[in-house]
Amino acid sequence: MTVESAAAILVTGPIAQPATGGLSNGEASSRLHKDGPNAMPDTSAHPLRDAQLKFWAPVPWLLEASIVLQLVLHKYIEAAVIAGLLVFNAGLAYWQEGRAQATLAALKGRLALNASVRREGEWKIVPAAELVAGDLIKLSLGGVVAADVHLLEGSVLLDQSMLTGESLPIDAGAGADTYAGALVRRGEATAQVTATGTRTKFGRTAELVRTAHVVSSQQKAVLRIVRNLAVCNGAVIVLIVVYAWVHAMPWGEIVPLLLTSVLAAIPIALPATFTLASALGARSLAKVGVLPTRLSAVDEAATIDVLCSDKTGTLTCNELSVTSVRPMPGFNREHILGLAALASSDGGQDSVDVAIRSAASHEPVSDLPKLTQFVPFDPAKKISEARATGANGTEQKILKGAFTAVTALSKGSPGAAKMADELEKQGFRVLAVAIGPQSELQIAGFIALSDPPRVDSIALVTELKALGVRTVMVTGDAAATAKIVAHEVGLDGPVCPAGRLPEPIRPEDFSVFAGILPEGKYDLVKAFQATGHGVGMCGDGANDAPALRQAQIGIAVSTATDVAKSAAGMVLTEAGLGGIVAAVKEGRATFQRILTYTLNSVLKKIVQVLLLAVGLIITGHAVLTPMLMVIVMISGDFLAMSLTTDRVRPSSTPNSWNVMKITVAAVALGLCFLGFCVGILAVGKFELRLGLEALRTLCVVSIVFGSQVTIYVLRARDRMWGLRPTKWLVASSLADVLIITVLANHGLAMAPLPLSTLACEFGAAIVFGVMLDGIKIPLFARLRIG
C-alpha cells in the first residue's frame, strides 16, 4: 500500500455535524445501553466447563464405561485404579492447557483505555469503554485512538501499521477517518466517534480471530487412531464374546472377559502423552526465546510446509531509515542530510524526522548554516521548513517534503524529476530538499527512506527452505515495495496480482502477495489449507491476527502487538527470527517422540485383544484378567510415557499424521509381537504343562517384556542401537521389568513363576527384538514412516 493510497482510504463522505457541546449525559447513557460498551465481549470458556470437556472424549468414554462394569462386578479396587488413571489423564491435560493464554484477552484489554470526551459542553476523561457513537473526543500526541472516528478539525500523524501493515505514518486532517488502535505520532485533532466495540474495524478483526479455527492435526490423529482401534478391536471383541457363548462359557467368565477385552483396547495414556510431549517441547522452546500459547502449536510446527510471513515488522524492522541520498550537482551527501536535519523536528515522534536526524548524526558537517527558526511539517502543504543564517550572514530557507510540493516553491533543476521518479519506482518514500534565499530556492537533492529487512530475514528464508518449508510474503503494502523487500530477503518468485485470489491457489504459484487486507490474509491461509498444506503464519500487527489464529501455527514476533501475540500459537520473546527455525526443529523432534509412542500403543492394543482371542481358543479361558490388564496398562502405557523425553532425529522434511500408514505398520509389527506372545503361551501350555493361573502370569510377563523390546525397536527409524536412549527411558524400562519380575516371582496379584522361567522369557524377548528390528526397517521405508 502506497502512502497516497493509504491516505485515500482515510477520506470519506461528509457526516452530520455534532453539536459543539458534544452529547448530553442522558443521550450518551441511552446510546451506551443500546449499543453496549466499547469493548470486546468475553468469550472465554468457564474453567469448570474446560475441566468437564476433559472427561468427554472417546478415550474417557471407554474408561468411564470400564469403571461402571467394574463396579457392577463389585471389582472396587480395579474401578478405583481405572478412575485414578482417568483423573490423571484429564488433570495433566487441563493443567498444561490452562497455562496457555486466552486468545481474546489482549483484544479486550486493548480497548481498556481512557479518552478525553466532550459531554454537556465540557471536556472530561472517561473510560474508553463508555464511548458511544456521536461522542466528540480529542486525539493527542502519544495517545491511542479508542474507537473508529471521523476527524472534524486539526491534523495528526497516525501510525496505523498494526491495523493496515503500512509502515509509513499517515497525515490526517479534517474529513478523514481513522480506526481504533491507531497511534497518534504528532499533532492534535477533534474527532467524532463513528463506531465502537465489535463494530469498529479493530473489532471486526477481533471477530475474525474469534471465529477463525482449525482443528489441530493432533486432535484429528487421536480421534482417527481411537476410531480405527475401536473398529478393529471391537470386531475382535464381538467374535470373542460369540465364541465364548457358542462354547457355553459361563456368564461369570464372559463378563470379565468382555471387560478385559475393553481395557485391552483402550489407548489410555495416548492423549496424556500427546499433551506431555508437547509440554516438554514447549519448555525447550521457552529456553530459546519461543513461548507457545497453545500446546498443540508445538506439534503443529512439525507439519507446516509453507510459511506466510507479513512484511512490515516481521521481515522488516518496521522502522524507517535513510536508504539512499542523491545530491544534485554542487551538493554532497553529508550536506543534504545536514540540511534535511535542520528542517526536521528534534525530539519528536515523527518517524521520518527521527530517521533523517539519526542518519545525519553519523555523518556530521561543520559548515552548516545556523538554525534560527523551525516550522513543523504541515500536512496541507506537505513540507516542513527551517530558516538559517549562513557563514556570511545571509538568511537562507530550507524546505523538506514531497517532491511536487518542494519543486512548486523552487527553481526548476534539470534531471531532478527523473531522479525522483527512479527512486519512487524502487518503492522508496522520496523527500526533496531545497535551500536558498526565499526567491531563489533550488533543489539540493533527494533522500530515499525505506523500512529495511531484518538482518536475519535472509537466513530465515534459507534455513526454512533447507527444511522443506516454502516462505511467501503476505503484505498490505504495494506490489512494487513488496517485491523489492522480497528480493532482498531471497524471495524472487512472481507477485500475485492484486484483487481476488486465483482459484485454486498453491504456495508455489507466487512468492509475494501484496495489497492484502486482514480478511485477505485469513482467506489466503484457508485457501492453502484447502489444498492440503500445513500453513504457518508469522506477523506482528492486529491486521495479522485472524490469519495467525487460522493457521496451523501462528507466530508473533517479539515486537508484535498484544493482539497478534494473543492470537498466535507461538510468540517470539527475543529479537530476531531464529526462533521460527527452532520451533520447526523442536516440533519435528516432538512429533517423532509422539509417533514412537503412538506406534507402540496401537501395536500393543492390537496384540492384547488378539492374544485374548487366541488364548481363548488354546486354553478355553481368558488368559488375562481385569486386574492383570490394569497392571499392564500402568506398567506399559504410563511408564512408556518416558518416550516423551527420548532422543530423536528430527526429519529433514515436514511431517504429517498419516494414520492409515501408522495403523498398517502397527498391525504388521503387532502380528509379529502376537506370534511371540502366542509362542510363549504355547510353550507354557504344551511343554511346561502350566496351569491356567500360571499361564496368565506367563502371558502378562510376555506382554510387558515384549513391549519393552518394541519400544527400543520403534524409537529409531533405522537400527535400534543407532541412537542412545535418555536416562529417563532407561530408568522406566528397568522399573517396568523389575516391577513385573517381582510381582510374577512372588505371586503378587498373579500366580508365581520361578526366576529361571522369567529369565528365559526375558532372553526370548531380546531375540524377538533383534528379529523385529530387521523387519521394521524395510517396512518403515516402504510406508515412508520417519
Checked segment 147-157 for anything at pLDDT 85 or above and either within 38 Å of the chain's Cα centre (by Cα) or closer than 14 Å to Tyr179 by Cβ (or both); matches are Ala147, Asp148, Val149, His150, Leu151, Val156
Among Ala498, Ala527, the single one that is at pLDDT 90 or above and either in contact with a His (Cβ under 9 Å, 6 or more places away or on another chain) or of a type in the set (A, V, I, L, M) (or both) is Ala527
Within segment 729-786, residues being open to solvent by 80 Å² or more (accessible area, probe 1.4 Å), within 26 Å of Val648 (Cβ to Cβ) and not in a helix (DSSP H, G or I) number 1
Within segment 423-465, of all residues that are in contact (Cβ under 8 Å) with a residue 60 or more places away in the chain and assigned to a helix (DSSP H, G or I), the one most open to solvent (accessible area, probe 1.4 Å) is Glu463
Problem set entry | Selection status of Leu698, over 19 Å from Met641 (Cβ atoms) and open to solvent by 20 Å² or more (accessible area, probe 1.4 Å) | no
When restricted to Leu285, Leu263, Leu307, the only residue in a strand (DSSP E or B), in contact with a helix residue (DSSP H, G or I) (Cβ under 8 Å, 6 or more places away or on another chain) and buried (at least 21 other Cβ atoms within 10 Å of the Cβ) is Leu307
Given the conditions (1) open to solvent by 10 Å² or more (accessible area, probe 1.4 Å); (2) touching a helix residue (DSSP H, G or I) at 6+ places or on another chain (Cβ under 8 Å), every one holds for Lys585 apart from (2)
Given the structure, is Ala269 touching a helix residue (DSSP H, G or I) at 6+ places or on another chain (Cβ under 6 Å), at pLDDT below 85 and hydrophobic (A, V, I, L, M, F, W, C)? yes
Residue hits (segment 266-278; open to solvent by less than 10 Å² (accessible area, probe 1.4 Å) and in a helix (DSSP H, G or I)) are Leu270, Ala272, Thr273, Phe274, Ala277, Ser278
Of those in segment 322-342 that are modelled with pLDDT of 90 or more and of a type in the set (Gly, Ala, Ser), the residue surrounded by the fewest Cβ atoms within 10 Å (Cβ to Cβ) is Ser324
Restricted to segment 346-358 and to residues being in contact (Cβ under 8 Å) with a residue 60 or more places away in the chain and open to solvent by less than 40 Å² (accessible area, probe 1.4 Å), the residue nearest to Phe446 (Cα to Cα) is Ile356
Reported set for segment 642-665 where residues are of a type in the set (D, E, K, R) and surrounded by fewer than 16 Cβ atoms within 10 Å (Cβ to Cβ) is Arg647, Arg649, Lys661
If we keep only residues of segment 372-422 that are assigned to a loop (DSSP other than H, G, I, E, B) and without any contact (Cβ under 8 Å) to a residue 12 or more places away in the chain, then the residue farthest from His335 (Cα to Cα) is Ala408
Of the conditions (1) open to solvent by 10 Å² or more (accessible area, probe 1.4 Å); (2) closer than 30 Å to Met473 by Cα, the single one that Val298 does not satisfy is (1)
Picked from segment 685-728 (must be in a helix (DSSP H, G or I) and of a type in the set (Phe, Trp, Tyr)), the residue nearest to the chain's Cα centre (by Cα) is Trp728
Within segment 545-564, restricting to residues that are modelled with pLDDT of 80 or more and not hydrophobic (A, V, I, L, M, F, W, C), the one that is most open to solvent (accessible area, probe 1.4 Å) is Arg549
Restricting segment 68-79 to residues that are in a helix (DSSP H, G or I) and either surrounded by 14 or more Cβ atoms within 10 Å (Cβ to Cβ) or among the basic types (Lys, Arg) (or both), the one modelled with the highest pLDDT turns out to be Leu71
Of the candidates Gly21, Gly13, Gly36, the one satisfying the condition of being at pLDDT below 80, closer than 30 Å to Gly121 by Cα and either touching a strand residue (DSSP E or B) at 6+ places or on another chain (Cβ under 9 Å) or surrounded by 15 or more Cβ atoms within 10 Å (Cβ to Cβ) (or both) is Gly21
Only unsatisfied item for Phe638, checking (1) within 19 Å of Leu779 (Cα to Cα); (2) assigned to a helix (DSSP H, G or I), is (1)
Over segment 734-762, the set of residues over 16 Å from Val700 (Cα atoms) and not hydrophobic (A, V, I, L, M, F, W, C) is Ser756
Exactly one of Gly569, Gly576 is surrounded by fewer than 24 Cβ atoms within 10 Å (Cβ to Cβ) and closer than 25 Å to Ser651 by Cα, and that residue is Gly576
Exactly one of Ala212, Ala189, Ala221, Ala174 is open to solvent by less than 10 Å² (accessible area, probe 1.4 Å), within 23 Å of Pro376 (Cα to Cα) and either in contact with a helix residue (DSSP H, G or I) (Cβ under 7 Å, 6 or more places away or on another chain) or at pLDDT 80 or above (or both), and that residue is Ala189
message: Looking for something in a helix (DSSP H, G or I) and more than 42 Å from the chain's Cα centre (by Cα) - is there at least one such residue anywhere in segment 310-324?
response: no
Of the residues in segment 704-728, those that are open to solvent by 10 Å² or more (accessible area, probe 1.4 Å) and among the hydroxyl-bearing types (Ser, Thr, Tyr) come to Tyr712, Thr726
Q) Would segment 473-480 turn up any residue that is of a type in the set (Val, Ile, Thr), buried (at least 16 other Cβ atoms within 10 Å of the Cβ) and out of contact with any Lys or Arg (no Cβ under 8 Å at 6 or more places or on another chain)? A) no
Of the listed residues (Leu616, Leu639), the one being surrounded by fewer than 24 Cβ atoms within 10 Å (Cβ to Cβ), hydrophobic (A, V, I, L, M, F, W, C) and in contact with an Asp or Glu (Cβ under 7 Å, 6 or more places away or on another chain) is Leu639
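The values are calculated or read from the model by the stated rules, or taken from the named source; none is laboratory data. Predicted model only: the values in this text are computed from it and were never measured. Cβ sites come from the backbone with ideal geometry, for glycine too, and all protein chains shown count toward neighbours. With ligands, DNA and RNA removed, areas are computed over all heavy atoms of the protein, side chains included. Shrake-Rupley method; radii C 1.70, N 1.55, O 1.52, S 1.80 Å.
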